[in-house]
Amino acid sequence: MKIKIAKNAGFCFGVKRAMQMASDELDDKSTKVYSLGPLIHNKQAVSKYEEKGLKVVEAISEIPADERVIIRSHGVGENIYNEAHSKSIKIVDTTCPFVKKIHEIVNDFYKKGYKIIIIGNKNHPEVIGINGWCDDSAVVIKTIDEIDQIDFDENQKYCVVSQTTVDVDDYEKITLKLASVLKDATIKNTICSATKERQLSAKSLAKEVDCMIVIGGKHSSNTQKLVNICKEVTNTFAIETKDELDKEELKKYRLVGITAGASTPDWIISDVIEFLESI
Ligand code: SF4
């Protein structure tokens with residue numbers, strides 16, 4: 001069996017940076033370290049950090065004063081910073097710089113009187129965080145059809161941003177329609193290229209190989225998107241760890257491709273490669 005790994009697979013820049021910052025904080029044992037929600041959508045990686053002392057909480061109210069809190073790469077709204085400051089909780093801010101940039105755009109335009117429109121999933125933590133920089137007043141649009149249901153004010157200026165992981169084709173369709181219905185709209189493309197790069201390299205590798213293995217959390221939306229892309233091209237196995245692989249089934253394939261979601265750590269990918277090499 002031959003193994004090929006997609007050109008862009010595993011941790012993206014923002015997640016790698018966040019995980020390194022969190023690891024450095026855990027090495028410092030002076031105070032306890034909490035994270036607001038799981039650091040990433042990968043339960044194996046989160047467990048490793050919990051073993052090192054990380055405590056995952058859902059709200060600042062659960063953290064005692066003077067301890068440390070890690071803000072995830074997804075980012076959070078302004079109110080979370082204020083709440084932490086009021087309790088003298090030290091913030092370890094691992095918000096991805098690309099997401100931080102969206103916060104700045106939204107806050108700036110909101111203060112200038114613009115209504116904010118976010119293209120994305122209203123329940124995704126990144127979108128909730130972005131909305132928190134305009135007092136939760138944004139209109140969130142996920143599909144092009146939703147535009148017809150919105151009552152736009154023709155005297156209002158609008159600023160449009162997007163969740164970093166939105167599909168480029170969807171983004172283009174939605175912004176084209178928004179530009180035609182809004183009189184005054186400033187549209188900022190805030191999609192991060194990491195997602196698209198992972199999708200393109202997964203698709204091109206899937207075309208070359210006999211089967212694909214996609215490694216990543218079952219709740220990671222970018223991993224599931226990779227699974228769907230690969231499934232359209234070839235036989236695809238979606239796994240979280242090597243333990244889900246079926247040795248007998250894999251013996252049928254000569255050339256196996258591997259890709260992994262943006263929140264899959266290198267050590268999980270290496271485990272899978274090692275397992276395949278043993279077949
Ligand atoms: S996908 Fe892009 S925006 Fe999101 S954390 Fe990774 S690098 Fe940052």
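The values are calculated or read from the model by the stated rules, or taken from the named source; none is laboratory data. Since the model is a prediction, treat every value here as computed from it, not as a measurement. Quick reminder, even Gly has a Cβ in these numbers, built from the backbone with ideal geometry, and neighbours come from all protein chains shown. Areas reflect the complete protein model, heavy atoms only, side chains present, ligands, DNA and RNA absent. Shrake-Rupley method; radii C 1.70, N 1.55, O 1.52, S 1.80 Å.
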Determine whether residue 199 is in the same structural domain as residue 259 (by TED's automatic domain parsing), surrounded by 14 or more Cβ atoms within 10 Å (Cβ to Cβ) and either without any contact (Cβ under 8 Å) to a residue 24 or more places away in the chain or within 13 Å of the ligand (Cβ to nearest atom) (or both).
-> yes
Which one of these does residue 40 not meet: (1) surrounded by fewer than 21 Cβ atoms within 10 Å (Cβ to Cβ); (2) within 13 Å of the ligand (Cβ to nearest atom)?
-> (1)
Output for the stretch 218-244, where each listed residue is aliphatic (A, V, I, L, M) and open to solvent by 20 Å² or more (accessible area, probe 1.4 Å) | 229, 233, 238
What is the number of the single condition among (1) in contact with a helix residue (DSSP H, G or I) (Cβ under 6 Å, 6 or more places away or on another chain); (2) buried (at least 16 other Cβ atoms within 10 Å of the Cβ) that residue 188 does not meet?
-> (2)
For the stretch 229-243, state whether one or more residues are assigned to a helix (DSSP H, G or I) and of a type in the set (A, V, I, L, M, F, W, C).
-> yes
Of the conditions (1) open to solvent by 60 Å² or more (accessible area, probe 1.4 Å); (2) out of contact with any strand residue (DSSP E or B) (no Cβ under 8 Å at 6 or more places or on another chain), residue 194 clears all except one; give me its number.
-> (1)
Would you pick out the residues in the stretch 48-65 that are in contact with a strand residue (DSSP E or B) (Cβ under 6 Å, 6 or more places away or on another chain), aliphatic (A, V, I, L, M) and open to solvent by 40 Å² or more (accessible area, probe 1.4 Å)?
-> 56
For residues that are closer than 30 Å to residue 247 by Cα and among the charged types (D, E, K, R), scanning just the stretch 1-37, find the one that is nearest to the ligand (Cβ to nearest atom).
-> 7
Selection from the stretch 171-188 of residues more than 26 Å from residue 232 (Cβ to Cβ) and within 16 Å of the ligand (Cβ to nearest atom) yields 188
Please indicate, with yes or no, whether at least one residue in the stretch 84-96 is open to solvent by 70 Å² or more (accessible area, probe 1.4 Å) and without any contact (Cβ under 8 Å) to a residue 12 or more places away in the chain.
-> yes
Filtering the stretch 130-155 down to residues that are closer than 14 Å to residue 110 by Cβ and in a helix (DSSP H, G or I), which residue is most open to solvent (accessible area, probe 1.4 Å)?
-> 131
Taking the stretch 201-227, which residues are more than 17 Å from the chain's Cα centre (by Cα), over 20 Å from residue 266 (Cβ atoms), part of a helix (DSSP H, G or I) and not hydroxyl-bearing (Ser, Thr, Tyr)?
-> 203, 206, 207, 208
